[in-house]
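All remarks here apply to the structure that follows.
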Amino acid sequence: MSIVDRIKREEGKIGIISHFDPDGDAIGSVLGMYNFLKKYKPNVEAVLKDDIPYLFQFLPGVEEIKKTPSNYYDLLLLLDVSDITRTGFDNLNFGTLARIDHHKTGTNYGDFDYINETAPSTTALIVDILKEYDEEGITKEVAEPLYAGLLTDTGGFKYGRDFKKSFETALYLSGKGIDCQEIAQKIFLRKRLEVFKLLSLALNTLTVVEDKIAYIVLRKEFFEMTGTDSQDAQSFVTYPLSVDDVAVGIKFTEADDNFWKVSLRGKNRVDLAAIAEEFGGGGHINAAGLRMKGDEETVINTVVSRILKEFE
Ligand code: AMP
Ligand code: MN
Ligand code: MN
């Protein structure tokens, strides 16, 4: 049975959940699926562990996203989540679990999983699923978050392995009454001034290693000094990646004392998902992440020296 038939058949409670620290694709996937399914299913809910970043709060239905899951779901849809632990919830109970995702790494949960690692975003996969379910249901409120997910995961159509799919999906969604210019403007051209102060501190740390790797460091005190948080820095990894000749850009974010979130971005030279996986993380070839304990110097040295090995 296909994932579409499985969802259609479900008469009980359906949960739609994505990863903690949600990005545009996580939020877009959850809202696209939720705004669609609520017209067909009386008992569906969307849940995300963390707050919705300011930039995505304009998306329709965002105020209906819950912060704590129900005790039980007959069908639980994991969207843009490579592993259930990345939902941030450790008490999820369900009858059937299905993962709809485009991460290269992760766990397979069963017959209904719908995973394609070449897809530009999870929202692109959801477009295919909803088209098969009922194209009539893809209204503006459904298309807008799905487009937002595609736009952000491709970095405004700069990244991807299947550009044909990106453009076909964008073309399809653009015919559903959405304003592509307005969505792009709201997501990319609406930064608070504090975010630029944070960026300025971050850029002061920019370091280039052997013309191959560049990184920035976001220390906890930077967020305190500027009144920002790590969500405001979600896109900053683009700066080290943008340095000419550099093949890998890295962002080290101090999440807690001696605890770092590491974001890796590449230009098709190194399989970053594989490297992230070695450290317990995961992701895609050109966009991956991991978490690491240790002091700043040790964490930077560990990650940088591991990636440098790829160039030997
Ligand atoms: P980020 O650098 O946090 O934007 O993440 C880049 C990509 O890697 C995203 O697709 C994430 O889902 C994935 N990723 C980040 N951190 C982890 C992790 N600790 N474990 C598995 N996947 C991760
Ligand atoms: Mn994501
Ligand atoms: Mn994604």
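Brief remarks on what is shown
- Restricted to segment 124-139, and to residues there that are of a type outside the set (D, E, K, R) and part of a helix (DSSP H, G or I), the residue that is surrounded by the most Cβ atoms within 10 Å (Cβ to Cβ) is 126.
- Taken over segment 17-45, residues that are over 15 Å from the mean Cα position of the chain (by Cα) and within 14 Å of residue 74 (Cα to Cα) amount to 5.
- Among residues that are within 15 Å of ligand 3 (Cβ to nearest atom) and either assigned by TED's automatic domain parsing to the domain that holds residue 53 or assigned to a helix (DSSP H, G or I) (or both), residue 178 is not included.
- Strands (runs of 3 or more DSSP E) contained in segment 212-312 and holding at least 3 residues in contact (Cβ under 8 Å) with a residue 60 or more places away in the chain: 213-218
- Scanning segment 16-30 for residues that are β-branched (Val, Ile, Thr) and in a helix (DSSP H, G or I) gives 27, 30.
- Subset tally (residues that are surrounded by fewer than 18 Cβ atoms within 10 Å (Cβ to Cβ) and within 24 Å of residue 56 (Cα to Cα)) for segment 253-264: 1
- Of all residues in segment 140-160, those that are touching a residue at least 12 places away in the same chain (Cβ under 8 Å) and surrounded by fewer than 15 Cβ atoms within 10 Å (Cβ to Cβ) total 3.
- Single residue of segment 84-114 satisfying the filter (within 21 Å of residue 278 (Cβ to Cβ) and of a type in the set (Lys, Arg)) that is farthest from ligand 1 (Cβ to nearest atom): 104
- Residue match in segment 2-21 (condition: closer than 30 Å to residue 193 by Cβ, within 16 Å of ligand 2 (Cβ to nearest atom), buried (at least 18 other Cβ atoms within 10 Å of the Cβ) and among the polar types (S, T, N, Q)): yes
- Residue check for residue 250: buried (at least 21 other Cβ atoms within 10 Å of the Cβ), of a type in the set (A, V, I, L, M, F, W, C) and farther than 23 Å from residue 188 by Cα: no
- Among the residues of segment 53-83, those identified as within 16 Å of ligand 1 (Cβ to nearest atom) and more than 19 Å from residue 113 (Cβ to Cβ) are 53, 55, 56.
- For residue 194, the criteria (1) in contact (Cβ under 8 Å) with a residue 24 or more places away in the chain; (2) of a type in the set (Asp, Glu); (3) in a helix (DSSP H, G or I); (4) over 30 Å from residue 250 (Cα atoms) hold in every case but one, which is (4).
The values are calculated or read from the model by the stated rules, or taken from the named source; none is laboratory data. Computed from a prediction, not measured in an experiment: that's the story for all the values here. Note that each Cβ is placed from the backbone with ideal geometry, even for glycine, and that neighbours are counted across all protein chains shown.
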